Amino acid sequence: MKKTEKTKLLKEINEVAIAAGKKLIRYQKKLSKLNVTHKAAQGVVSEADVETEKFIIKNLKKVFPQAAVLGEEDYFLNVKDKENGWKKFEEEEWLWIIDPLDGTSNFLSGLEFYCVCICLAQKGVPKLSVIYWPDKNVSYIAAENEGTYLLNNETGRKKKLLIEDHKTPLKNSLVVTGFAAEKGEPFNKEFELFKKVMGKSRGVRRLGSAALDICLVSQGLFGAFWERGLAPWDMAAAGLIALEAGLKVGTYQNQKFSPFAPTICVGTKKTYPELISILRK
């Protein structure tokens, strides 16, 4: 894909993400009227998630119709194997990976820390990413080998994000994480890791949107991020944004990043290996 094609697609993807974000803002103003249900081991889902995803898919099909679609809400409605069903999507030549509302629990509580995630992947590898933060009216935009940018949609100004300070160790870094929705043994293991990292860092935050967490690491506001049990729609767009911002991204076992992997770790050249040494044990 040529640079001019990437630029055009990113502009169109961002327009879809912004329009979806505006829908979410309208939905959040009438929270008491929203239909809310639960997905097994995945937490809550609302009418806002479902309808916004339909809107995104409809418009992305106009942008790049040859791509298949892996959307969170469509997946849980139509795929029988909820745990491993997304594996078949890895080999799609082109694939839209969509989370219409990352941070649903925040959204339903009236908090404004949530976002829209859209990624275009080829054979399971993210190529173009847009994450739109409605509350700030900013977009995190990345293209493979083209860098990551923070776009102020109000002014049109773009700022390149590139993490170049690799000297700050984990012990002096504020880091961020999340926990899988299911409780039981996996949750307990992750909480043990939480305590270990807390003891080795300046502090740990849990903000409720993995995608925005990773974007904030890409801005240099946090020193690292890790989490187990995320789905492709949680990681695809954010993973590329982090990589193109100069961060190291991989699994707990220090394997190459994949949106389809069971774990993710994001950090600088200094914090990443320190965090991996804790996680891989």
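In the stretch 138-236, which GluC sites (Glu not before Pro) are in a loop and have at most 12 other Cβ atoms within 10 Å, using DSSP for the loop call? Before the final figure, lay out the partial values.
Numbers: sites: Glu144, Glu146, Glu154, Glu164, Glu182, Glu190, Glu192, Glu227; in loops: Glu144, Glu146, Glu154, Glu164, Glu182.
Passing sites in the stretch 138-236 are Glu154, Glu164.
What's the magnitude of the charge dipole for the stretch 122-175 around its Cα centre, counting Lys and Arg as +1 and Asp and Glu as -1 at the beta-carbon? Answer in Debye, nearest 20. Intermediate values should be presented prior to the final figure.
Numbers: 9 positive and 6 negative charges, 14 e Å.
The dipole magnitude comes to about 60 debye.
Tell me, what is the percent relative contact order of the stretch 170-279, built from C-alpha pairs under 8 Å that lie six or more residues apart?
Details: 198 pairs, mean separation 31.2, N = 110.
The normalised contact order for the stretch 170-279 reaches 28 percent.
Given all pairs of different Cα atoms, what value in angstroms does the Kirkwood hydrodynamic radius of the stretch 110-262 take? Let's see the in-between values first.
Working: mean 1/r = 0.0629 Å⁻¹.
When all Cα pairs of the stretch 110-262 are included, the Kirkwood radius is 15.9 Å.
PRE reach from Lys189 (point 7 Å along Cα→Cβ): which of the stretch 245-281 fall under 12 Å by backbone N?
In the stretch 245-281, the label zone of Lys189 (backbone N under 12 Å from the point 7 Å along Cα→Cβ) covers 252-253, 262-263, 280-281.
Taking the chain as a Gaussian network, Cα atoms linked when under 10 Å apart, which of Asp99, Asp213, Asp165 shows the biggest mean-square fluctuation?
Highest fluctuation of the listed residues: Asp165.
So what is the 222 nm mean residue ellipticity for the chain from helices alone, if each DSSP H run of at least 4 adds -39500 (n - 2.57) and you divide by all residues, rounding to the nearest 500 deg cm²/dmol?
Taking each H run of at least 4 residues, the total per residue is -11500 deg cm²/dmol.
Per residue Cα convex hull volume for the chain, in cubic angstrom? Spell out each step's value before the answer.
On the way: hull volume 34.0 nm³, N = 281.
For the chain, the hull spanned by Cα atoms encloses 121 Å³ per residue.
Just to confirm the filter: which trypsin sites (Lys or Arg not before Pro) across the stretch 167-247 are DSSP coil and have at most 15 other Cβ within 10 angstrom of their Cβ?
Working: sites: Lys167, Lys171, Lys183, Lys189, Lys195, Lys196, Lys200, Arg202, Arg205, Arg206, Arg228; in loops: Lys167, Lys183, Arg202, Arg206.
Those that pass, being in a loop and sparsely packed, are Lys167, Lys183, Arg202, Arg206.
Once a ≥ b ≥ c are taken as the square roots of the eigenvalues of the Cα gyration tensor of the stretch 98-198, is the result rounded (a/c under 1.5), prolate (a/b larger than b/c) or oblate (a/b not larger than b/c)?
Details: a/c = 1.64, a/b = 1.33, b/c = 1.23.
It is prolate, given that a/c is not under 1.5 and a/b is the larger ratio.
Let's test the formula: R0 of 35 Å, r as the Cβ-Cβ distance of Gln255 and Ser32. What FRET efficiency results, to the nearest 0.05?
That gives a FRET efficiency of 0.20.
We did not get these values from a lab; they are worked out from the coordinates using the rules stated. Since we're looking at a predicted model, the values are computed, not measured. Note: ideal-geometry Cβ built from the backbone for every residue, glycine included; neighbour counts use all protein chains shown.
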